Amino acid sequence: MLDEKTLPKSFEELVNTSEVPVFVDFWAEWCGPCRMVAPAVKQLSEEFDGRLLVVKINVDNKPELAQKYGVSGIPAFGLYHKGKTLHQFVGAMPYAMLKQNVEKYLPTKETEVIDAN
């Protein structure tokens, strides 16, 4: 799992060039629901290792990214691939719901990444 300290030169570079979809958790330390969902985000990262890249962006440290990606409330999540937004959703949720929101866009052995358009 990446955070803003281990990002490539730019976040946009990561989102545009990653071979696998990039799941972004927009969060803040003061946000109780963000802290509640953090273990589920970590579990998502572990379960889909190699099929999904998970990145945590602290909106207090990177407000320009939150604004660019339309984050108005946290926790907020986005799924991006090759510069396209596949899915965005907001709110703390249990792991099963988080997984359901992501899994339908992931490639399987038979398919490429599912395009939201």
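The values are calculated or read from the model by the stated rules, or taken from the named source; none is laboratory data. Everything numeric here is computed off the predicted structure, so don't read it as measured data. As a convention, Cβ positions derive from the backbone with ideal geometry for all residues, glycine included, and neighbour counts pool all protein chains shown.
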Residue 27 vs (1) out of contact with any Phe, Trp or Tyr (no Cβ under 9 Å at 6 or more places or on another chain); (2) surrounded by fewer than 17 Cβ atoms within 10 Å (Cβ to Cβ): all pass except (2)
Of 45, 72, the only residue that is exposed (fewer than 15 other Cβ atoms within 10 Å of the Cβ) and hydroxyl-bearing (Ser, Thr, Tyr) is 72
Counting only residues that are among the β-branched types (Val, Ile, Thr) and modelled with pLDDT under 95, the range 72-89 contains a total of 1
Residues of the range 7-43 being modelled with pLDDT under 95 and in a helix (DSSP H, G or I), in sequence order, are 11, 12, 13, 14, 15, 16, 17
Picking from 56, 82, the residue that is closer than 21 Å to residue 19 by Cβ and in contact (Cβ under 8 Å) with a residue 60 or more places away in the chain would be 82
Going through (1) within 13 Å of the chain's Cα centre (by Cα); (2) in a helix (DSSP H, G or I) one by one, residue 46 fails only at (1)
When (1) surrounded by fewer than 14 Cβ atoms within 10 Å (Cβ to Cβ); (2) in contact with a Phe, Trp or Tyr (Cβ under 9 Å, 6 or more places away or on another chain); (3) assigned to a helix (DSSP H, G or I) are applied to residue 60, the one that fails is (3)
